[in-house]
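Take a look at the structure set out below.
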Amino acid sequence: MDAARTVDAVWKFESAKIIAGLTRLVHDVGLAEELAQDALVAALEQWPESGVPGNPGAWLMTIAKRRAIDHLRRTRRLQPLEEERRESRDPDADPDDVLRLMFLSCHPVLPTTHRVALTLRLLGGLTAGEIARAFLVTEQTVTQRIADAKRLLAAEQVAFDLPAGPELADRLSSVLGVVYLIFNEGYSATSGDDLMRPGLVHEALRLGRLLAELAPSEAEVHGLVALMEIQASRSAARTGPSGEPVQLHEQNRGRWDQLLIRRGFQAMLRARATGGTPGPYMLQAAIAVTHAQARGAAETDWARIAALYDLLVRLLPTPVVHLNRAVAVGMAHGPAAGLDLVEPLLSDPALRDYHLLPSVRGDLLERLGRHAEARVEFTRAAALTRNAAERDFLLRRADATGSGQAAGHLRPEPGTLGQAAQRFLASQDLTPATVRSYTQTLTRLRRSLGDRLPLTGLTPAHVSRVFTTTWQEAAPSTWNRHRATVRSFSAWLGGEDLAALLPRRREEPRAHTPVDNTILDELHDLPLRERTLWHLLRESGAPVTTVLALNVEDLDLDDRTASNGVSWRKHTARLLPALIAGRPSGPLFLTDRRAGPGATDVCPHTGRRRLSYERAEYLFKQASGGLTLSRLRRRAGQNSRIVINVGR
C-alpha cells in the first residue's frame, strides 16, 4: 500500500479521535478540524519520503497538537498560566472525547441534514464529495451544511461535554436518530437508481458499534445496533439479478448473513442485560429478531410482531409506526383488519407523499381481491417514490394486478385523472399565470390520487381528503384558489362538483403593520448589526435585498445616502459609524464568523462574509415572534406597532 492510501486509511480510523482531542483543547470544532487537516497535509508531504511511522495515529495527533498550541499562542487567546496548563494536557488522554464529539455533531440545535453531514465528516472521516455522492446532492451543498453547522454550534456556544441528568435522554435520542437515518438512507435509498447504498450502511454500523463501545450502559444504543445488524444481514437477498427489490417474504433466507445475525442477537442480549423498560429501538430490534428466528416466511410469528408493534406505537406513535403496525396486523389477522388501520392514515398530512402508504394499501387490497383499486394504489406509489428501482418494481406490480399490459408500457388510460388533467390544461385559453396555478392544484391531485384513478371513481370525498392533508393549515386565499381550480376542472368534465365538500373560506383583509421607530429604539439588548439593519429597513423603505447588498464604500454618512439611492434618518445615522468601525470597504452587514478558504463576497478587512438574506430573516423572526423583514418597510399612512421579543 502506497503512502497516500495509508494516510487515507489512517485518517478514516483516527480522524474522530484527533478532532475530538483538539476540540477539547481549542473549544472550537471548526478550528479543531482545520488543525487536524493541517496534520493530514503534513503526513501527505512527509510520509512518502520518510516512510509511515510505527504509530501513524499518534504521529498525526502530535503534529495537530503542536499546530493547536502554536495557534493559541499566536492569537494570544489564553493567559500565560492557563496556556501552560492546556499545553501540559494530552488531548488524546480522555477516552470520552469521541463520545463528546458525537453528541456535539448531533446536537438538537442543528437541522437534521446538518447533523448527518457533520457526523459523517467528523466521525466518519468522509469528504464532502463522498457525502454528496452518498446522498445525491451537490458537493457545494454538503460543504455549506458542514460550514453552517460549525457556525451555528459556535453561535449557540454549545459546550464540548457529555450531557447528564434529564438532558441525556434527549441528546442520546438525537445521536441515535442520526445514526439510524444514515443507515436507512443506505438500506432503502430515497432517491437514485439503486435500492441500496452499501457505503452508508457500513458507516452507520461502524458508528453504532463505536457508540456501543463508548456508552455500554445504554440499552437503546445496543438496541439500535442489534436492529441495524439484523436488517443489514438481509442485504444480499433484498435485490434480484437486475437490482430489483425482493420483498421480505420472497427472499432467499439462505443468503442472509449469519455473522451479522449473530452480532445482532449478541447486541440484543447486551441491551436486555442493562435492565429497564425497553425503548423504541429495543422493540424494533425485537421485531427484527422475530423475523430472523423464522426458518421461512410461513413460520414468521406475525402475532408476536403485531403485539410488539402495539407496544411500540405507545412509545413512538408516529404515522410510519402506525402504518407498519397495520402491515403486521394485516399479516397476523387478515388483510381486512390491516386495511381498517390504514384507512385513517390516508388523511394524515405527514404521509401525504409517503409512497409506502399507497403501496401497503395496494397490497392489502390485492389480497382482498380488489384488484382494480390495488392497481391504482401501486401506480400512485410509483409516482411518489424517487427511487428508480422501487418505481419500476411498483409499476410491475400495478401491471400484474388485473392488467394484461406488458411491463414498461403503462400509460394514463382514457378516462383517468392523469389524462383528463392534461387535456384540461391543454384545451383552455388560459394565461400563463393561470396555467401555473391550475397545474399546481392538479399536480397535487394527480400525485395524491394517482394518474390512473378512473374518472368514474373520482369523488368529492377523494378531493376533500387531498385538501385536508395538503392545505388544511393554508391561508384562506390559498385554500380558495385551489378550490376554484377544482370547480373549473369539474365544470370542464361536466360531472358532479368535485369541490362540493370544500367550503369557501372567509378571507380577512391583511393590513401591513410595520414596526415603528419607538419600538426599535427599545431594542438595546440586541446586537448592533441587527438594530442597524432593522432601522435602515424601516427608515429607507428599500427592499431587504437592496439593503443587504450595500457596501461600506457606497455610503455617504454625512449626506445620509448610498450610491444606489437608499437613504436613512437619524436612528440609522447614529448606529452606522459603530457598525462600520473604520472599515473603508467591503460588505456593510457581515456574518459573525470568518469565512472559510475560497469563500466569495468577503470583507477584506475582517475576513467575514456578507450577511445572507436567510440569516437576517431568521434573526428577525426569532426576535419578532415570526414576522418577516418586509414588515419593517414603511407604508404611507400606517404607524402600527409590533412588539419585539427582546428576551430571545
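The values are calculated or read from the model by the stated rules, or taken from the named source; none is laboratory data. If you're wondering where the values come from, they're calculated on a predicted model, not measured in any experiment. FYI the Cβ positions are ideal-geometry reconstructions off the backbone, even for glycines, and counts take in every protein chain you see. Note: accessible area is taken over every heavy atom of the protein model, side chains too, but ligands, DNA and RNA are not part of it. Shrake-Rupley method; radii C 1.70, N 1.55, O 1.52, S 1.80 Å.
A few notes on this one:
- Computed E for Glu553/Glu614 - FRET, C-beta separation, R0 30 angstrom, nearest 0.05: 0.75
- Nearest-20 debye value, the chain charge dipole, Cβ charges on Lys, Arg, Asp, Glu: 1300
- Value of relative contact order over the chain, rounded to a whole percent, pairs C-alpha under 8 Å and six or more apart: 7
- Cut-off under 5 Å, modelled amide H: who pairs with Arg609 long-range: Thr591, Ala595, Cys603
- Straight-line cross-link reach from Lys570 at under 29 Å between alpha-carbon atoms covers these lysines, not counting any fewer than eight positions away in the same chain: Lys621.
- Dipole axis of the range 3-208 (+1 Lys, Arg; -1 Asp, Glu on Cβ), positive-most option in Leu153, Phe135, Ser173: Leu153
- Whole-Hz couplings from phi, Karplus 6.51/-1.76/1.60, listed for the range 322-328; x for Gly and Pro: 4, 5, 4, 4, 4, 4, 5
- Candidates Met196, Val26, Asn184 compared by Cα position along the dipole of the range 3-208: farthest toward the positive end lies Val26, with charges placed on Cβ.
- Per-residue Karplus couplings for the range 300-315, computed as 6.51 cos²θ - 1.76 cosθ + 1.60 with θ equal to phi - 60°, are listed in order as 5, 7, 5, 5, 5, 5, 4, 5, 5, 5, 4, 6, 5, 5, 6, 7 Hz, Gly and Pro entered as x.
- In the context of the full set of protein chains, residues of the chain present 48 Å² of accessible surface per residue (probe radius 1.4 Å, heavy atoms only).
- Look at the dipole of the chain built from charges on Cβ: of Asn551, Thr470, Ala36, the Cα furthest out on the positive end belongs to Thr470.
- Cα coordinate range in the range 3-208, projected on the principal axes (Å, largest first): 54, 48, 28
- Shape of the range 417-493, Cα gyration tensor, a/c cut at 1.5: oblate
- Dividing the mean sequence gap of close Cα pairs (under 8 Å, 6+ apart) by how many residues the range 211-336 holds gives a relative contact order of 25 percent.
- Note on the range 18-44 and the range 223-267: Cα centroid distance 38 Å, given to the nearest whole angstrom.
- Computed from backbone phi, the HN-Hα couplings of the range 474-490 come to 6, 5, x, 5, 5, 4, 5, 5, 5, 4, 4, 4, 4, 5, 5, 4, 4 Hz, rounded to whole numbers (Karplus: 6.51 cos²θ - 1.76 cosθ + 1.60, θ = phi - 60°; Gly and Pro given as x).
- Rounded, prolate or oblate (a/c below 1.5 giving rounded, otherwise prolate when a/b exceeds b/c) for the range 267-321 by Cα gyration tensor: oblate
- Three-way shape label, the chain, alpha-carbon gyration tensor, a/c 1.5: oblate
- Whole-percent carbon and sulfur share, accessible surface of the chain, 1.4 Å: 50
- Dividing the helix sum by the residues of the chain, where each DSSP H run of 4 or more adds -39500 (n - 2.57), gives a mean residue ellipticity at 222 nm of -19000 deg cm²/dmol.
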